[in-house]
Ligand SMILES: [Zn+2]
């Protein structure tokens, strides 16, 4: 990992500009960051592989490799789209590793490619306040985050309505026993007594917020970078930025991303 001071040297010229500023004005960075970023990408991949031992890490690594390939080949939108995915997946990877529960439902939903089915059924967290709010509700401010209490951030359902997603749910009596709280909820679909919590899956904005929650820090700067990538993709999508210089712009931005994220992830 490169040291803070070295980052600053590269970032000085980048300041707090958005990528879009560079792309729209065709502002070229002539200094060659090609070798530096090649090494940094490899360092980052080693950090990920050494720190984490769960399958989701493969997604984060692939996103970063894809972004590098696209940046090398002048594919503007695809490069930053993969950066956005990398940011999201690295955050999720960290969250899952912090949760420290067996058969983590987030991980299971990804591995089995069933994440979208839960989302389609409206088991969704749109913001981290939903996640934090529910934990606070049941456990107060000083709960232990490293246990199955995470299920209470989902939806309380009766036996009938939780049937389809049993493997993504936890029995309420078991949660009560394991986490030492009393839970009395009605099914959110039919008003019968709820017997299980089905997990709700976080959207990207919620993932970034939850990452901050687990690290006890503010993740607004990461959210800002995420928004920046989204702006590159939409509303314009295509740019006439000179292909051969994309790697330099991409590199500076990625150094900024590493600097912002690595202290929370590793
Ligand atoms: Zn019901």
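The values are calculated or read from the model by the stated rules, or taken from the named source; none is laboratory data. These numbers come from a predicted model, not from an experiment. Positions of Cβ are generated from backbone atoms using ideal geometry, with glycine treated the same way; all protein chains shown enter the neighbour counts.
Data overview
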quantity	calculated
Test: residue in segment 62-78 that is within 24 Å of residue 233 (Cα to Cα), surrounded by fewer than 17 Cβ atoms within 10 Å (Cβ to Cβ), out of contact with any strand residue (DSSP E or B) (no Cβ under 7 Å at 6 or more places or on another chain) and at pLDDT below 95	no
Odd one out for residue 17, checked against (1) in a loop (DSSP other than H, G, I, E, B); (2) within 25 Å of residue 237 (Cβ to Cβ); (3) touching a residue at least 40 places away in the same chain (Cβ under 8 Å)	(3)
Entirely in segment 140-224, the helices (runs of 4 or more DSSP H) that have 3 or more residues that are more than 13 Å from the ligand (Cβ to nearest atom) and touching a residue at least 12 places away in the same chain (Cβ under 8 Å)	172-179, 204-215
